[in-house]
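Here the structure comes first, spelled out in structure tokens, and everything after it is commentary.
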Amino acid sequence: MGRRKVELKRIEDKSSRQVTFSKRRSGLFKKAHQLAVLCDLELVLIVFSGNGRPYEFSSGNRYFICLRSAIFLGLGLVLHKGIIIYSLLL
């Protein structure tokens, strides 16, 4: 039996939406891990839930990966309570 196509629209039921988010977040992090291993990448992935809670995946030291990408992109950094916050330099 094959998979059916899922219509992309907001899930109205809060409980179903949370279950879907949890399952898809896990799948996304698994794919990110596979990509990092297969292609020898340094990867940081941050996902925010509907209520604003952050979830993260990092294939290495996230501080140095974020710092290196900020320097490459020309972004300014602010360190707040151990969390790196980017701010675009104009």
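Structural remarks
- Some residue of the range 3-17 being surrounded by fewer than 10 Cβ atoms within 10 Å (Cβ to Cβ), at pLDDT 90 or above, among the aliphatic types (A, V, I, L, M) and over 18 Å from the mean Cα position of the chain (by Cα): no
- Residues that are out of contact with any strand residue (DSSP E or B) (no Cβ under 6 Å at 6 or more places or on another chain) and either small (Gly, Ala, Ser) or surrounded by 11 or more Cβ atoms within 10 Å (Cβ to Cβ) (or both), drawn from the range 26-35: Ser26, Gly27, Leu28, Lys30, Lys31, His33, Leu35
- Evaluating Leu38 against the criteria (1) at pLDDT below 85; (2) open to solvent by 50 Å² or more (accessible area, probe 1.4 Å) leaves one unmet condition, (1).
Residue by residue, here is whether (1) closer than 30 Å to Lys23 by Cβ; (2) modelled with pLDDT of 75 or more; (3) surrounded by 13 or more Cβ atoms within 10 Å (Cβ to Cβ) holds:
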residue: Arg53; (1), (2), (3): yes, yes, no
residue: Leu75; (1), (2), (3): no, no, yes
residue: Ile83; (1), (2), (3): yes, no, no
residue: Ser87; (1), (2), (3): no, no, no
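- Number of residues in the range 38-75 that are in a helix (DSSP H, G or I), β-branched (Val, Ile, Thr) and without any contact (Cβ under 8 Å) to a residue 12 or more places away in the chain equals 1.
The values are calculated or read from the model by the stated rules, or taken from the named source; none is laboratory data. Keep in mind the model is a prediction, meaning the values are calculated, not measured. Glycine gets a Cβ as well: all are built from the backbone with ideal geometry, and neighbour counts include every protein chain shown. Side chains are part of the model used for accessible areas, which takes the heavy atoms of the whole protein and leaves out ligands, DNA and RNA. Shrake-Rupley method; radii C 1.70, N 1.55, O 1.52, S 1.80 Å.
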